[in-house]
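Bear in mind that the values in this text are calculations on the coordinates, not laboratory data. Everything quoted here is computed from the prediction, not taken from an experiment. We place every Cβ from the backbone using ideal geometry, glycine too, and count neighbours over all the protein chains shown.
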Amino acid sequence: MKEKAFLFWLYQIKGIGKAKRAILLKHFKTAECIFRVDSASYQGIKGITEKDIKGLIQAKEGISEEKIEESYNQLKERQIQFIVRGEKAYPEKLSRIYDPPDALFVRGKLPDFNKKSVAIVGARNCSAYGKEMAEWFGRELGNAGIQIVSGLARGIDGYAHSGALEGDGDTFAVLGCGVDVCYPPEHISLFTKMINRGGIISEYAMGTAPKAGNFPMRNRILSGLADGIIVVEAKKRSGSLITAEIGLEQGKDIFAIPGKAWDSLSEGSNSLIKEGAFLVTKPNDVIDFYEVKWEKFSQINKKNEIFLDFKQKMVYSCLSFKPKHISIIIEETQMPFWEVTEAIIELQLQNRIREITSNCFVIERD
């Protein structure tokens with residue numbers, strides 16, 4: 001418990017972000033040691049600047065171990081969880097993503113990972129159609145027991161959260177600021193309801209302001225917590241498409257709601273469909289997708305494996321209609337990169353699998 005309190009202290013130091021914390025913890029081993037050493041010990045550490053050292057010294061001024069414990073206990077009294085990577089409560093899903101957060105601040109609860117979770121993302125300046133679809137999908141999926149994850153932003157995010165609450169479902173927001181900061185401020189009512197009917201989640205320290213650079217970073221957590229991502233409305237270059245791309249790399253199911261061919265707000269979602277995302281026009285499409293028994297795909301695989309050599313069978317057997325990134329194929333087959341690549345090329349030439357985008361593959365439908 002004591003080390004966790006010191007980690008909380010370290011997290012609250014302005015100017016000491018993820019990379020700097022990693023350097024300090026690698027050098028000193030524990031946050032308690034970082035606090036206890038004299039100022040001279042910070043000198044000469046590669047990657048730690050004079051400005052960083054000044055920040056560390058200031059963070060220690062007038063601060064005792066008792067005050068650190070008191071500050072950490074106040075966090076718990078406010079019913080805010082501080083979950084450090086490696087703890088049992090830390091989401092296993094996030095442990096598997098690229099650049100997992102070192103810790104999470106949580107108000108409310110984390111998603112129940114025994115249930116399905118879907119992220120709904122899209123444009124801030126959405127159309128009336130986008131609003132209606134986000135609310136509809138959020139409400140019906142929430143009512144079906146599928147948890148809704150989004151980013152609490154204006155537009156699609158907010159409407160998806162609201163819909164989930166209307167459907168008596170659980171909904172979770174991943175923020176680009178501290179969990180004690182409601183952004184945008186007009187979502188304060190939604191923010192408050194979600195603490196009781198889901199959770200507010202962030203990797204950023206308490207009091208962190210919503211800076212532009214924080215939002216792209218939080219997207220990896222947003223997609224990481226979900227099983228699938230639904231893009232409602234998105235321009236050709238948008239944060240929603242970045243989230244979908246990250247999700248694809250994480251092996252998530254990508255869904256897109258089609259829009260008008262001439263509408264710039266639908267360019268991104270329409271292009272995702274062209275690239276292989278699952279086209280969905282109603283909530284039941286997603287509900288039915290997750291009720292499918294994946295054993296069905298195993299039977300298809302066994303039927304087709306007869307004509308394949310050993311390496312091709314290894315690769316083919318771990319694929320389904322659900323997109324899978326080459327890095328995951330390598331991990332599951334325990335085969336070298338070049339052997340997996342060779343098998344993939346052969347399977348593509350035989351029209352047994354296809355690449356949908358960015359080194360992600362699915363089996364061909366009959």
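Taking label points 7 Å from Cα along the Cα-to-Cβ direction, N359 and K2 give a separation of 4.5 nm.
For the Cα trace of segment 7-95, dividing Rg by the Kirkwood Rh returns an Rg/Rh value of 0.98. Find how many whole Å separate the alpha carbon centroid of segment 60-99 from the alpha carbon centroid of segment 183-202. Centre-to-centre distance over Cα atoms comes out at 20 Å.
Other residues lying with their Cβ under 11 Å from the Cβ of P100 contribute a combined charge of +1, Lys and Arg counting +1, Asp and Glu -1.
If you wrap the Cα atoms of segment 200-239 in a convex hull and average its projected area over all directions, you get 3.7 nm².
In the chain, Rg over Rh equals 1.02, where Rg is the alpha-carbon radius of gyration and Rh the Kirkwood radius from pairwise Cα distances.
Taking Cα atoms, how many degrees apart are the long axis of helix 50-60 and the longest axis of the chain, rounded to 10 and kept between 0 and 90? Compared with the principal axis, the helix lies near 70 degrees. Full extension of the chain between A261 and T192 gives 21.1 nm of extra length, using 0.36 nm per residue less the Cα-Cα distance. Considering only alpha-carbon pairs that sit under 8 angstrom and 6 or more positions apart, the relative contact order computed for the chain is 12 percent. Rounded to the nearest 10 degrees, the inclination of helix 295-304 to the longest alpha-carbon principal axis of the chain is 50 degrees.
Between S39 and A209, the modelled label-to-label distance comes to 2.7 nm, taking each label 7 Å out from Cα in the direction of the beta carbon. Provide the net charge surrounding K115, with neighbours chosen by a C-beta distance below 11 Å and charges set as Lys +1, Arg +1, Asp -1, Glu -1. So the environment of K115 carries a net charge of -2.
Principal-axis analysis of the Cα atoms of the chain puts helix 337-349 at an angle of about 30° to the longest axis.
You can think of it this way: the chain between K282 and R154 has 43.8 nm of extra reach, that is 0.36 nm per residue less the Cα-Cα gap.
Available extension along the chain between F310 and K274 is 9.7 nm, counting 0.36 nm per residue and deducting the alpha carbon span.
Ignoring solvent entirely, what values of log10 I(q)/I(0) come out of the Debye formula for segment 108-291 at 0.14, 0.16 Å⁻¹ when each Cα is a single scatterer? Here log10 of I(q) over I(0) equals -0.65, -0.87.
The calculated FRET efficiency for the pair E61 and R124, based on their C-beta separation and a Förster distance of 45 Å, comes to about 0.65. Placing +1 on the Cβ of every Lys and Arg and -1 on the Cβ of every Asp and Glu, with no other charges, gives the chain a dipole of roughly 520 debye about its Cα centre.
Per-residue ellipticity at 222 nm, computed for the chain from helices alone with -39500 (n - 2.57) per DSSP H run of at least four residues, works out to -13500 deg cm²/dmol.
Other residues with beta-carbon under 12 Å from the beta-carbon of E331 carry, at +1 per Lys or Arg and -1 per Asp or Glu, a net charge of +1. Out of every Cα-Cα pair that segment 167-231 contains, those further apart than 15 angstrom amount to 53 percent. For segment 124-166, backbone nitrogen atoms closer than 18 Å to the point 7 Å from K109 Cα along Cα-to-C-beta are found at 142-150, 164-166.
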